[in-house]
1. Given that compact globular proteins tend to follow 2.2 N^0.38 Å, what is the ratio of the alpha-carbon Rg of the chain to that value?
2. For region 91-200, which semi-axes, largest first and in whole Å, follow from the square roots of 5 times the eigenvalues of its Cα gyration tensor?
3. Carbon and sulfur atoms: what percent of the 1.4 Å accessible area of the chain do they account for?
4. Can you tell me the Rg and Dmax of region 1-89, counting just the alpha carbons, in angstroms?
5. Quickly rank 49-59, 114-124, 161-171 as a protection proxy: mean count of other C-beta atoms within 10 Å, highest first.
6. Which ³J(HN,Hα) values, rounded to whole Hz and listed in residue order, are derived for region 9-14 from phi using the Karplus coefficients 6.51, -1.76 and 1.60 in 6.51 cos²θ - 1.76 cosθ + 1.60 with θ = phi - 60°, glycine and proline given as x?
7. Could you give me the ³J(HN,Hα) list for region 127-140, computed from phi with Karplus coefficients 6.51, -1.76, 1.60 and θ = phi - 60°, whole Hz, x at Gly and Pro?
8. State the Cα centre-to-centre distance between region 160-200 and region 23-90 in whole Å.
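The values are calculated or read from the model by the stated rules, or taken from the named source; none is laboratory data. What you see is a predicted model; the values in this text were computed from it and never measured. Here the Cβ positions follow ideal geometry from the backbone for every residue, glycine too, while neighbour counts run over all protein chains shown. Note: accessible area is taken over every heavy atom of the protein model, side chains too, but ligands, DNA and RNA are not part of it. Shrake-Rupley method; radii C 1.70, N 1.55, O 1.52, S 1.80 Å.
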Amino acid sequence: MYITVFSGTNGSSINELSNPRGLALNSISGALYIADSDNHRVMSYLSNVPTLVAGGNGSGTSNTQLNFPNGLAFDSSSNSLYIVNYASHNVVRWVLGESSWTLVAGSPAGTAGALSTMLYYPTSLILDAMGNMYVADFYNHRIQLFMRGKLNGTTIVGVTSTAGNHAYLLYYPYGMALDSDFNLLVVDRSNQRVQKFFRY
């Protein structure tokens with residue numbers, strides 16, 4: 001059995017998507033959030049009703065816009081979405097019902113970089129039970145850990161700006177998951193493998 005959430009037609013109307021990239025589930029309301037990347041917005045789907053919840057103002061770096069959103073995470077404690085803003089090289093937090101975002105990682109101006117406070121085409125994120133954030137920093141070939149409320153990240157997997165196939169290196173990391181023991185699993189895309197890194 002399956003249910004089609006959206007039409008399957010590429011477009012920008014309220015019931016269409018264009019290159020969707022990420023999903024998150026609201027465990028309280030049951031709403032499904034979809035990163036509608038090429039439409040620069042995040043859509044919510046609940047009870048067969050699609051709703052715009054973030055972005056939708058074209059691509060850009062202002063705090064009312066998104067720029068090819070990719071990964072998503074829902075934070076029930078703040079009733080907000082954490083959004084990987086892929087082409088703006090940052091992660092933003094958008095409180096549901098608000099009209100703008102707050103920066104949580106990367107450059108507010110959309111600048112790429114390899115410093116501990118910067119990102120370079122990030123692709124995905126996860127939040128742990130303490131509210132700490134893990135970001136797959138795609139072009140920097142690393143996983144950055146941002147402790148709750150901090151803009152300065154720590155590289156916990158990979159070597160910044162160094163791609164490779166050794167066990168301690170990554171080559172365009174894409175997706176992640178934490179298991180029940182807080183071990184980190186990483187989709188190491190261009191190495192065609194999934195790596196498991198024991199609890200940091």
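1. Numbers: Rg = 16.3 Å, N = 200, 2.2 N^0.38 = 16.5 Å.
The chain yields a ratio of 0.99.
2. On the way: eigenvalues 105, 55, 27 Å².
In descending order, the three semi-axes are 23, 17, 12 Å.
3. Ligands and nucleic acids excluded, carbon and sulfur reach 52 percent.
4. 12.4, 41
5. On the way: 49-59: 17.3, 114-124: 19.7, 161-171: 14.5.
Packing order, densest peptide first, comes out as 114-124, 49-59, 161-171.
6. Rounded to whole hertz, the list is 9, 5, x, 10, 6, 4.
7. 3J(HN,Hα) across region 127-140, in whole Hz: 10, 8, 5, 8, x, 6, 10, 10, 10, 7, 9, 3, 7, 8.
8. Cα centres, region 160-200 to region 23-90: 25 Å.
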